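Worksheet for the structure shown next.
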């Protein structure tokens, strides 16, 4: 036998060795490095195993692997107010000279008076009306430009960074982990669909056709021989609370196997998801981290809030139905990518 | 040099030869065998080349490759009446004893009297109302079962075959050809979305989340502790004519690069698609084949119809805007898979 092995075979063996090592490394790489080890992280990993391992009794075919995510408070902050509300307030102030009636009409008056308390009192529906009214009167493509431009310069008041840098790092890892395992990730948010779509691909890796949200009506028109869709000041659909299962059925036509939220607005989406058979994963983020982000409930004695309320009754339903409550403080090693 | 080559290298060379031959064969396989050679087929092939070849000035990134297809008259027959209408007529007759008022109220009266002319006179909107009214009062999952069961036994009166065997073979090849080239294929139909979804995956390879259609409202309810979505007798959205671009924007949030239709109901979808920049493909099927399928217009002197009208003005707009008119008679070598 020669002392030197066949050069071709040698290369092949080297390649095999590299592949073996790379595979071992991949197997050992933590897909969720910003999640602290513990039962919550374990639930996620077990769910993915149970739905994707073909020998599992609860295996889910790839086409049926649908995961839905709320946006505000679940993928990025909803405090001190919804991002879209911050955008709307600026728009309302810009448009106010053309609407003298807003000086005396709520919730517009609250905006012009910088009266955050009156604004919060208007409730989610009032806020949505405000948002919708301030977002109409232009074409869909004009609105897309307005939103895109706003995201380029607007900054979050607490973190002093663009909103687009405030996606929760653990949730970005979760989205990516699910997609790497064949899940189709959807956003199902009370926020306006045309406010989210210009940024969801870049921020979350979620394409526009996988974004479900509230909407105003649009009307097809010819302007100078060119077709446009004009945005009308009329609510088409509110994708919140009991509207979320309705929106999921309308847009996807399949029941999700996993759903993620953080507030009473997500209750029905989690109920609907959980009512299917087989392996299911329903999770709620509890904002109990005033230091790194915000703390609000009123569940568990945390301060009450109008933006993303997590009532005690939701904790009770979670306990009863086996939904997982994520403690931002204890379960997340890191909240934002820019930390450290 | 030995007379026998190295056995491993020999296998490798054999493998390479097989791969080379297979690749050549694939390159020479006609992706559209049921289309006759000619300018129409050539337009399709050039469009796919122009949008998918990275060196093409009109290359379209895969994520933006959206193609939308009308259903009735474009992917399967819409004569002697819309398939969903045939379904609705049977349902109306079944439900009539519970609705004595239908005996004197149009368009219900027309159904019970088997008066096809009065039915057609009710127009698309009247037909949709009929369809919607007859489809409400049960949960979404109950309705899915009703539709699935109906498709198992219902047969087309002319072809005496299940409707699910009547997809146009050339269009199945086109759907597959586009998908093989990275396009996401959507159905955008005036038909009810929950009537189509139970069959689109099996018949067209289009999953439920890529089906856009007309809809009635649904309501989230708890029944015996289980959540259901109840179908209400109230129209939510009519995905026809100017509603098609609205639906496309609502559900996809991107402008298609290709759109396929067959009637006045598709005009605005083609206008909207064509108004984008870069390579575009807009096609309309003209049903001019009374022998193999049906012949109707009234364009080009063909008989007039209430189901899938193709007016002369649509031919004129097609000519003016460079939309391709497909002659079923001349451009399709085969209409149905079961032929020959």
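Only the coordinates and a few stated rules stand behind these numbers; no lab work does. Since the model is a prediction, treat every value here as computed from it, not as a measurement. Reconstructed Cβ throughout: ideal geometry from the backbone, glycine too, with neighbour counts over all protein chains shown.
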Exercise for review: Give me the angle, in degrees from 0 to 90, between the Cα long axis of helix A:39-52 and the longest principal axis of the Cα atoms of chain A, rounded to the nearest 10.
Suggested key: 70
Check your understanding: Which value in Å is the Kirkwood Rh of the protein assembly as shown over different Cα pairs?
Key -> 27.9
Check your understanding: How far is helix A:140-153 tilted off the main Cα axis of chain A, in degrees rounded to 10, range 0 to 90?
Key -> 70
Practice item. Mind ranking B:156-164, B:76-84, A:70-78 by how tightly packed they are, going by the mean number of other C-beta atoms within 10 angstrom, highest first? Key: A:70-78, B:76-84, B:156-164
Review point. According to a simple spin-label model (label point 7 Å from Cα along Cα-to-Cβ), what is the distance in nm between residue B:53 and residue A:63?
Key: 3.3
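Taking every DSSP beta bridge with both residues inside the range B:180-261, roughly what % is antiparallel (nearest 5)? Before the final figure, lay out the partial values.
Values: 8 of 11 bridges.
Taking every DSSP beta bridge within the range B:180-261, about 75 percent pair in antiparallel fashion.
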Point to revise | For residues of A:271-284, the mean tally of beta carbons on other chains within 10 Å | key: 1
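Which percentage, to the nearest 5, of the DSSP beta bridges contained in the protein assembly as shown is antiparallel? All intermediate terms of the calculation are to be shown ahead of the outcome.
Details: 26 of 66 bridges.
The antiparallel proportion sits near 40 percent.
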Revision key, fill the gap. Put in order of increasing Cβ neighbours within 10 Å, starting from the fewest, A:283, A:269, A:138 give A:138, A:283, A:269
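Per DSSP H run of n ≥ 4, the term is -39500 (n - 2.57); total these for chain A, divide by its residue number, and report the mean residue ellipticity at 222 nm rounded to 500 deg cm²/dmol. Can you show the working numbers first?
On the way: 13 runs with 141 residues, N = 340.
Dividing the helical sum by the residues of chain A leaves -12500 deg cm²/dmol.
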Review point. Rounded to the nearest 0.05, what FRET efficiency do residue B:234 and residue B:152 have when you use their Cβ-Cβ distance and R0 = 30 Å?
Key: 0.55
Check your understanding: Where the centroid of each part is defined by its Cα atoms, how far is the range A:122-164 from the range B:81-108 in Å?
Key -> 46
Check your understanding: For the range A:222-296, what class follows from the C-alpha gyration tensor (a ≥ b ≥ c being the square roots of its eigenvalues): rounded when a/c is under 1.5, otherwise prolate if a/b is larger than b/c, else oblate?
Key -> oblate
Practice item. Taking a label point 7 Å out from Cα toward Cβ, give me the nm distances from residue A:322 to the same spot in the other copies, shortest first, one decimal. Key: 5.8
Review point. If we hang a label 7 Å off Cα along the beta carbon direction at residue A:105, how far is it from the matching labels on the other copies, in nm, shortest first?
Key: 3.6
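What does the highest-first list of A:232-244, B:105-117, A:248-260 look like by mean Cβ count within 10 Å?
Values: A:232-244: 19.2, B:105-117: 15.9, A:248-260: 24.2.
Those peptides, ordered most packed to least, come out A:248-260, A:232-244, B:105-117.
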Revision key, fill the gap. By the C-alpha gyration tensor axes a ≥ b ≥ c (rounded if a/c is under 1.5, else prolate when a/b exceeds b/c, else oblate), the shape of the range B:84-169 is oblate
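Averaged across A:242-254, how many Cβ atoms of other chains sit within 10 Å of each residue's Cβ atom?
Working: counts 7, 1, 1, 7, 7, 1, 1, 10, 12, 7, 6, 14, 4.
The per-residue average across the peptide is 6.
For the range B:221-340, what proportion of DSSP beta bridges, expressed in % and rounded to the nearest 5, is antiparallel?
On the way: 4 of 13 bridges.
That works out to approximately 30 percent antiparallel.
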Point to revise | Chain B residue with Cβ closest to the axis mapping B onto A, distance in whole Å | key: B:251, 3
Exercise for review: With viscosity set to 0.692 mPa s and temperature to 37 °C, compute the Stokes-Einstein D of chain B, Rh being the Kirkwood radius across alpha carbon pairs; µm²/s, no decimals.
Suggested key: 150
Practice item. Determine, from the Cβ-Cβ distance of residue A:339 and residue B:142 and an R0 of 45 Å, the FRET efficiency 1/(1 + (r/R0)^6), rounded to the nearest 0.05. Key: 0.35
**Study point:** C-alpha long axis of helix B:312-321 to longest principal axis of chain B, angle in °
**Key:** 30
